[in-house]
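The values are calculated or read from the model by the stated rules, or taken from the named source; none is laboratory data. Everything numeric here is computed off the predicted structure, so don't read it as measured data. No Cβ is skipped: glycine too gets one built from the backbone with ideal geometry, and neighbour counts run over all protein chains shown. When the accessible area is computed, the model is the full protein with side chains, heavy atoms only, and any ligands, DNA or RNA have been set aside. Shrake-Rupley method; radii C 1.70, N 1.55, O 1.52, S 1.80 Å.
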Amino acid sequence: DFEAVREAARRAWNGELSKIRIETADPAVRRIFYTALYHTMIAPSLFCDVNGDYRGADGAVRRDTTFTNYTTFSLWDTYRAAHPLLTLIHPEKVGDLINTMLRIHEQQGKLPVWHLTGCETDCMVGNPAIPVVADALLKGFGGFDRAKAYEAMKSSAMRDDRGLDLYKRYGYIPYEFNESVGYCLEYAIADWALAQAAQREGRREDYDYFLARSKAYRHYFDPSTGFIRGRSASGAWRTPFDPFHSRHMEQDYTEGNAWQYTWLVPHDVEGMVSLMGGREAVLRDLTEFFDKTPSDMLWNDYYNHANEPVHLVPFLFNRLGQPWQTQKWTRHICEKAYADKVEGIVGNEDAGQMSAWYVLAAAGLHPACPGDTRMEITSPVFDRIELRLDPAYAPGGTFTVVAHGNSPSNVYIQRAVLNGREHTASHLDFADIAAGGTLELYMGDTPNTRWGI
């Protein structure tokens, strides 16, 4: 019965899309939001038969009825926002996704990098599965073997392929290895996430080792130019140097330039600020970075929202004591980089990452750093956002963000109230959201330079 099947599909999708309810007088942003939410649910995708059969990473057909197997892990993209979003609105899938990654680890000797239909493509750089697994551990998710998950992260971080041998030998990856800076900075973020998991699991020696390794970005900072840049095995800087130079897979960076990669230290903002000359110097550079971004947000040399390495940069203002700048720029990005038309995103969807960024930022909440349970507060696009959480994983059931006086011009938070009490910080913890409640934000058209600092 075609009509019955269509109606069943409509009900199923409406149920999934109703996990976040919004209120807005603008039908265009409603279409943008629910289109984005739909996009976040396309990948990862099921990769097993009804009896539990699936093709393993070693090419063998396997059967396992203890979990549901998935594929399409575009992890270099999705570890930043798409997987953190899953922990909020699809917690029932987290265990299956981690179990899939652990089986991949058993079958190919490492966690997935960019897994597609049972095959490791090794596309993109770093160890992007580590922050995803660490995030699940740190948020207290179960349904998988935590000891195996930890060992899978550690063994993947200690391999000798994809520049890891050089990383361990020099403490950074020399530019003789292509895309050296891109690989190393991503490895450093993964190492930091692994260090947090090690601390949680009581592994002090591992914590110290991986935390020290996560500071590898320091090797690349050149105080004479103010940028992170490539250097050789002997320590010499690559010359000539152009902070705007970007050539895919033929330089020190990965789909980016020095301007964009210099900010890719979300796990050690204080260390980055100290290295770059202090808070005021960093704020000047960061403000210039955004001010010079073209208003159409298309591919550019500054804040290039079309590609993932900069996705966490707007939230640095929260960490630097100017949260009104985070509010200003996330609202600007939501307005300029997304539209309700066929070409509605300024870049490749990247398996849901571009849309997950919008869903979270437009809701007024976004992860600070992969492997960190801190959630940054920013300016919501909508008057009301209701996250309908699964009580089996989040005891509060519902977390609501209300933006009083919200409008296209009232983008600045004047004050915040969390569950009836004044909230003066520009962030929450994941546990605050899981506990349920209401965050009320009072909006205005001028920055409140005293709130959230």
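Structure values in brief
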| read-out | value |
| --- | --- |
| Checklist (1) assigned to a helix (DSSP H, G or I); (2) surrounded by fewer than 23 Cβ atoms within 10 Å (Cβ to Cβ); (3) among the hydrophobic types (A, V, I, L, M, F, W, C) applied to Met354, failing item | (2) |
| Some residue of the stretch 404-411 being under 23 Å from Leu37 (Cβ atoms) and either of a type in the set (Phe, Trp, Tyr) or surrounded by 18 or more Cβ atoms within 10 Å (Cβ to Cβ) (or both) | yes |
| Selection status of Gly182, farther than 19 Å from Met124 by Cα and among the small types (Gly, Ala, Ser) | no |
| Qualifying residues in the stretch 423-450 (those that are within 21 Å of Leu316 (Cα to Cα) and among the small types (Gly, Ala, Ser)) - the one least open to solvent (accessible area, probe 1.4 Å) | Ser426 |
| Qualifying helices (runs of 4 or more DSSP H) (wholly inside the stretch 174-281; at least 1 residues being modelled with pLDDT of 95 or more, buried (at least 17 other Cβ atoms within 10 Å of the Cβ) and among the small types (Gly, Ala, Ser)) | 180-200, 258-261 |
| Count of the stretch 60-81 residues which are under 30 Å from Glu255 (Cβ atoms) and either over 16 Å from the mean Cα position of the chain (by Cα) or hydroxyl-bearing (Ser, Thr, Tyr) (or both) | 7 |
| Qualifying strands (runs of 3 or more DSSP E) (wholly inside the stretch 363-419; at least 2 residues being in contact with a Ser or Thr (Cβ under 7 Å, 6 or more places away or on another chain)) | 374-377, 384-388, 398-404, 412-418 |
| Residues (on the phi < 0 side of the Ramachandran plot, open to solvent by 10 Å² or more (accessible area, probe 1.4 Å) and aliphatic (A, V, I, L, M)) located in the stretch 329-351 | Ala339, Val342, Ile345, Val346 |
| Residue check for Tyr170: open to solvent by 30 Å² or more (accessible area, probe 1.4 Å) and among the aromatic types (Phe, Trp, Tyr) | yes |
| Ile22 being part of a helix (DSSP H, G or I), in contact with a strand residue (DSSP E or B) (Cβ under 9 Å, 6 or more places away or on another chain) and in contact (Cβ under 8 Å) with a residue 60 or more places away in the chain | no |
| Of all residues making up the stretch 1-17, the number that are over 18 Å from Glu386 (Cβ atoms), under 34 Å from the mean Cα position of the chain (by Cα) and small (Gly, Ala, Ser) | 3 |
| Residue within the stretch 297-309 that is in contact (Cβ under 8 Å) with a residue 40 or more places away in the chain, surrounded by fewer than 20 Cβ atoms within 10 Å (Cβ to Cβ), out of contact with any strand residue (DSSP E or B) (no Cβ under 9 Å at 6 or more places or on another chain) and not in a loop (DSSP other than H, G, I, E, B) present | no |
| The stretch 364-381, residues that are among the aliphatic types (A, V, I, L, M) and within 15 Å of Thr87 (Cα to Cα) | Leu365, Ala368, Met375 |
| Output for the stretch 143-165, where each listed residue is out of contact with any Phe, Trp or Tyr (no Cβ under 9 Å at 6 or more places or on another chain) and either open to solvent by 40 Å² or more (accessible area, probe 1.4 Å) or without any contact (Cβ under 8 Å) to a residue 24 or more places away in the chain (or both) | Asp145, Arg146, Ala147, Lys148, Glu151, Ser155, Met158, Arg159, Asp160, Asp161, Asp165 |
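Here's the yes/no breakdown for (1) under 30 Å from Gly126 (Cβ atoms); (2) touching a helix residue (DSSP H, G or I) at 6+ places or on another chain (Cβ under 6 Å):
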{"residue": "Met354", "(1), (2)": "yes, no"}
{"residue": "Tyr358", "(1), (2)": "yes, yes"}
{"residue": "Ala362", "(1), (2)": "yes, yes"}
{"residue": "Pro408", "(1), (2)": "no, no"}
{"residue": "Gln414", "(1), (2)": "no, no"}
{"residue": "Asp432", "(1), (2)": "yes, no"}
{"residue": "Pro447", "(1), (2)": "no, yes"}
